[in-house]
1. Among (1) touching a residue at least 12 places away in the same chain (Cβ under 8 Å); (2) assigned to a loop (DSSP other than H, G, I, E, B); (3) not basic (Lys, Arg), where does Ile36 come up short?
2. Lys15: under 27 Å from the mean Cα position of the chain (by Cα) and either closer than 16 Å to Leu79 by Cβ or among the hydroxyl-bearing types (Ser, Thr, Tyr) (or both), yes or no?
3. Considering only region 3-21, how many residues are of a type in the set (Ser, Thr, Tyr) and touching a helix residue (DSSP H, G or I) at 6+ places or on another chain (Cβ under 9 Å)?
4. Looking at region 85-100, is at least one residue over 30 Å from Val7 (Cβ atoms), in a loop (DSSP other than H, G, I, E, B), modelled with pLDDT under 95 and acidic (Asp, Glu)?
5. Within region 53-83, take every residue that is in contact (Cβ under 8 Å) with a residue 24 or more places away in the chain and outside any helix (DSSP H, G or I) and give me the one that is nearest to Leu9 (Cα to Cα).
6. Quick check on this structure: which one of Ile93, Ile63, Ile20 is within 30 Å of Glu127 (Cα to Cα) and surrounded by 18 or more Cβ atoms within 10 Å (Cβ to Cβ)?
Amino acid sequence: MNKRYMVRLTTGERKVLKEIATKGKAAAYKIKHAHIWLNADAAGPNLKDETIAQVLHCHNNTIRNVRQRFVEEGFEVALEHKRRTTPPVERIIDGEKEARLIALSCRQPPEGYTRWTLQLLADKLVELKIVKAISYRTVGRTLKKTN
């Protein structure tokens, strides 16, 4: 199979990668990526992905992904961890819902209560269909943030 993403290192990049790979003072992923790029270099060993994966004890997809990031995004960007574009868990309370929560907490508490509790606020948010479900802890964090 022909390699789709060819790694071509400059002399400076090769020097930096050799330093990372031999010193062992960088993060493990950086050391592994350095070894991958050094072994995949078109001007160097130019090993097959399967061979590199076998030697470095990783999956072929890892080799392909590391090559692709290097070619598409460049040396400096590919050397660092990829940042998430979206958070792992979507926020329950956005700006509008937060404003409604604050307005609700400023109103009179329900009949039979002297003040709002976090659980009462959470239940009221669900009852008013502002959110589908919410924990009293999320309500507390949101209100604490606005103090």
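The values are calculated or read from the model by the stated rules, or taken from the named source; none is laboratory data. Computed from a prediction, not measured in an experiment: that's the story for all the values here. Glycine gets a Cβ as well: all are built from the backbone with ideal geometry, and neighbour counts include every protein chain shown.
1. (2)
2. Against the criterion (under 27 Å from the mean Cα position of the chain (by Cα) and either closer than 16 Å to Leu79 by Cβ or among the hydroxyl-bearing types (Ser, Thr, Tyr) (or both)), Lys15 does not qualify.
3. Summing the residues that are of a type in the set (Ser, Thr, Tyr) and touching a helix residue (DSSP H, G or I) at 6+ places or on another chain (Cβ under 9 Å) in region 3-21 gives 2.
4. For region 85-100, residues over 30 Å from Val7 (Cβ atoms), in a loop (DSSP other than H, G, I, E, B), modelled with pLDDT under 95 and acidic (Asp, Glu): present.
5. Out of the qualifying residues, it is His81.
6. Sole residue among the options that is within 30 Å of Glu127 (Cα to Cα) and surrounded by 18 or more Cβ atoms within 10 Å (Cβ to Cβ): Ile93.
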